[in-house]
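The values are calculated or read from the model by the stated rules, or taken from the named source; none is laboratory data. It should be emphasised that the depicted structure is a prediction, and the values quoted were computed from it without experimental measurement. Don't worry about glycine lacking a Cβ; one is built from the backbone with ideal geometry, like all the others, and counts go over all protein chains shown.
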């Protein structure tokens, strides 16, 4: 008898107005009584979906705070069993998922010693790390927790100094900054695996929505024979089944996500469908799994993938496209296909000296700060905080060979010449064209104002054409650290874009 694996001492349960859902295992037919504060709840142990006898209770909505002591008692025809979890807080629970840049630990990031020193001030931020696991069918509880619910300390954040263990640097920083802003307990659940494509994190339903086949049991067993357990899983839904599905009964506030690097050459075009489908499917499943207590459109933040060197990825034009695909080909979020989402641009955080390669920049602080702005706006209703960088609303060309970009009114552009704008004079241009490409030429900045950038596209006149398309920051590494061409006066970079030029 007891609680499910991830209901533990030191955890955070979702605060009101949501209601936390708790569950555990027991003897079939037995009565379970749960006591929390002055409240008493009762349930009967029934046969669960995982073929094990389980009990479950939806608590009342509890306001921010704690600590609470939760006692569960089973009465099986007079035989009494007890299970207790202590030091439980009510606050906001966030899931942190993705691949290696989310796995990237505090010990590996910049200023780790500073984070260790600060950790004692954040005892109301609680952290947990899910262990690597995969499955060909959905699991209902975790096989292994790499890190149980913990209070921040040098040991719990630093994983004893071992890399790629725990705790996620970005997840921690995002949670710490959230706490600084909200002053409410924050629960952070890190579930990620380096090198994994989005297909492994997506359910069968999400994959089918985008026309991808579901891997059956035989396919999965074949992969298991051909790949050792230490190698990166590629089977569709394998990590959804083992590292996400078990959490669906835990009421949450939202999720953040850092993934996409592996999909640059694997279902690149499909990513524009796969990512929105995964978000939609996670939301639907969490809503159902918590009996309607998790918001049906819970906030989902993500990082638009950062820089990479040619030693890490070939310069064949595919990698920059994933940044565009991450927005469902809109260039911005939220949008019609990705409602209630927010994005942090990371293409300007170049770190060619990173010990684990330029694909793993060590500055996770700036990424977390940018995610925080989006979270404040989307998740917490602070519409006075604009998290977005400058994105043009139009690109207009002239017969004289100039292109005028018009940006949103509230951006207050800060512009410098870093040769990030390129024009194409040919209708055969593609967003998959690499940089450099014979089809694309640099368009120097001639002038700019708080809302406009005027570019020199006279190179097209040499071929008796006018500029047809324009792209911005469309490269593996568009610029040096925080030195791309366009920011706003809040130091938020403009995202990459690919636009047709209007004559």
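Summary of computed values
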read-out	value
Complete set of residues in the range 119-144 that are surrounded by fewer than 16 Cβ atoms within 10 Å (Cβ to Cβ) and not in a loop (DSSP other than H, G, I, E, B)	120, 121
Candidates 349, 372, filtered to the one that is modelled with pLDDT of 95 or more, within 30 Å of residue 455 (Cα to Cα) and crowded, with 18+ Cβ neighbours inside 10 Å	349
Some residue of the range 312-322 being in contact with a strand residue (DSSP E or B) (Cβ under 9 Å, 6 or more places away or on another chain) and more than 25 Å from residue 438 (Cβ to Cβ)	no
Among the residues listed as 120, 81, 86, the single one being within 27 Å of residue 183 (Cα to Cα) and in contact with a strand residue (DSSP E or B) (Cβ under 9 Å, 6 or more places away or on another chain)	86
Some residue of the range 414-421 being crowded, with 17+ Cβ neighbours inside 10 Å, modelled with pLDDT under 95 and over 23 Å from the mean Cα position of the chain (by Cα)	no
Meets criteria (assigned by TED's automatic domain parsing to the domain that holds residue 282 and either touching a strand residue (DSSP E or B) at 6+ places or on another chain (Cβ under 9 Å) or assigned to a loop (DSSP other than H, G, I, E, B) (or both)) for residue 355	yes
Residue 314 vs. criteria more than 25 Å from residue 129 (Cβ to Cβ), crowded, with 24+ Cβ neighbours inside 10 Å and modelled with pLDDT under 95	no
Any hit, the range 100-123, residues being at pLDDT 95 or above and under 19 Å from residue 5 (Cα atoms)	no
Selection from the range 268-296 of residues that are within 30 Å of residue 380 (Cα to Cα), in a loop (DSSP other than H, G, I, E, B) and in contact with a helix residue (DSSP H, G or I) (Cβ under 6 Å, 6 or more places away or on another chain)	294, 296
Residue match in the range 450-471 (condition: at pLDDT 95 or above and closer than 30 Å to residue 354 by Cβ)	yes
